[in-house]
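A.B. asks: Let me give you the structure first, and then I'll get to my questions.
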Amino acid sequence: MTSVAFVAALEAENQAALRGLEPDATLTVEVAGALNVPNLLKVALKNEIEATEIAARWLVATDEARVKLAFARQVGDEARHFRLIADRLKELGFDPEAVDPLAGGFGPLFRYLDSLTTTVERVAAGQFTREAIAVVKNRQFIDFCERVGDKVTASLYRDVIEPDERYHHELGRSLLLRLATTDEAQAGAARAARRTLELAEELQRKALVTAGIHHAPGC
Ligand SMILES: [Fe+2]
Ligand SMILES: [Fe+2]
């Protein structure tokens, strides 16, 4: 298969799986209890620092200039998202310094991404797939913000953060088109993308069961 055909097929497979991440139409948003914008933004801080860290590790781990620069761009963007979210938490009356987003260590998705050893698997999982998940989850989070009347957080996500996440997904696409040229590379990339989706689904199910969270923002 050419890399063009492969990337189109992977995109279609991802999109089909991502529909499983869309909230069930019958699930009304449970805003009661701890489910509110500040608590969801705290989850987002952890996602952003993990996204920063994994891109930084991969930047160092590759010898290819073009790939280094793609990860460098992502490191800068995710670190900026972290700061913007921390600033928004402050505006909402919460001290972002009071929470250490890495207090519980890195999560299962980070650990899986960190175990990948080839660039083609990394861009398939970390950029092409994880960022496509982020776009879906951010759209859900924006809807949530609108529903509870937080227009400022909604516009931060819609106008600033989400376009970056979309760009990271596109970076993943352009690198995959260049790298997924052999059967072996395509098999590795497809496996890594599938596992990333599985982990995201598992994490969402766990968050839903334990905290009623089904629209925490992603990166
Ligand atoms: Fe981000
Ligand atoms: Fe991102």
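The values are calculated or read from the model by the stated rules, or taken from the named source; none is laboratory data. If you're wondering where the values come from, they're calculated on a predicted model, not measured in any experiment. In this analysis, Cβ positions are derived from the backbone assuming ideal geometry, glycine residues included, and neighbour counts consider all displayed protein chains. Side chains are part of the model used for accessible areas, which takes the heavy atoms of the whole protein and leaves out ligands, DNA and RNA. Shrake-Rupley method; radii C 1.70, N 1.55, O 1.52, S 1.80 Å.
A.B. asks: Rounded to the nearest 10 Å², what accessible area does ARG158 have for a 1.4 Å probe in the complete protein model?
C.D. replies: Rounded to the nearest 10, the figure is 100 Å².
A.B. asks: Fully extended, how many nm does the chain gain between ARG111 and GLU22 (0.36 nm per residue separation, minus their Cα-Cα distance)?
C.D. replies: 29.6 nm
A.B. asks: When ligands, DNA and RNA are left out and all protein chains stay put, how many square angstrom of accessible area per residue does the chain have with a 1.4 Å probe?
C.D. replies: Ligands and nucleic acids excluded, the figure is 46 Å² per residue.
A.B. asks: If the chain between ARG80 and ASN36 were fully stretched, how many nm would it gain, using 0.36 nm times the residue separation less the Cα-Cα distance?
C.D. replies: Length gained between ARG80 and ASN36: 13.6 nm.
A.B. asks: Roughly what would the spin-label model give for ALA12 and ALA65, points 7 Å off Cα along C-beta, in nm?
C.D. replies: If labels sit at ALA12 and ALA65, their model points lie 3.7 nm apart.
A.B. asks: May I pose another question? Any idea what angle helix 130-147 forms with the longest principal axis of the chain, computed on alpha-carbon atoms, 0 to 90 degrees, nearest 10?
C.D. replies: Tilt of helix 130-147: around 20 degrees.
A.B. asks: Something else: State, to one decimal in nm, how far the label point of THR182 lies from the label point of GLU146, with both points 7 Å from Cα in the Cβ direction.
C.D. replies: It is 4.7 nm.
A.B. asks: Right, here's the next one. Equivalent ellipsoid semi-axes for the range 62-153, as square roots of 5 times the alpha carbon gyration tensor eigenvalues: give them largest first, rounded to whole Å. Mind showing how you got there, number by number?
C.D. replies: Working: eigenvalues 163, 54, 39 Å².
Computed over the range 62-153, the values are 29, 16, 14 Å.
A.B. asks: Still on this model: How tilted is helix 183-211 with respect to the longest principal axis of the chain? Cα atoms for both, answer in degrees (0 to 90, nearest 10).
C.D. replies: That helix lies at roughly 10 degrees to the long axis.
A.B. asks: Let me ask another. Inverting the mean 1/r over all pairs of different Cα atoms, compute the Kirkwood radius of the range 97-196 and quote it in Å. Present the calculation step by step, with values, prior to reporting the outcome.
C.D. replies: Values: mean 1/r = 0.0667 Å⁻¹.
Taking the inverse mean of 1/r over all distinct Cα pairs, the range 97-196 comes out at 15.0 Å.
A.B. asks: For the chain, restrict the atom set to alpha-carbon positions and state the Rg and Dmax in Å.
C.D. replies: Expressed in Å, the Cα Rg and Dmax of the chain come to 17.0, 53.
A.B. asks: Any idea what the dipole of the chain comes to, in debye rounded to 20, about its Cα centre with Lys/Arg Cβ at +1 and Asp/Glu Cβ at -1?
C.D. replies: Numbers: 27 positive and 33 negative charges, 27 e Å.
With only Lys, Arg, Asp and Glu charged at Cβ, the dipole is about 120 debye.
A.B. asks: Can I ask one more? What percentage of the solvent-accessible surface of the chain, computed with a 1.4 Å probe over protein heavy atoms, is contributed by carbon and sulfur atoms?
C.D. replies: Carbon and sulfur: 57 percent of the exposed surface of the chain.
A.B. asks: Which value in Å does the Kirkwood hydrodynamic radius of the range 72-114 take, with 1/r averaged over all unlike C-alpha pairs and then inverted?
C.D. replies: Details: mean 1/r = 0.0833 Å⁻¹.
Kirkwood hydrodynamic radius for the range 72-114: 12.0 Å.
A.B. asks: Oh, and also: Ranked highest first by average number of other Cβ atoms within 10 Å, how do 123-132, 36-45 line up?
C.D. replies: Descending packing order for the listed peptides: 123-132, 36-45.
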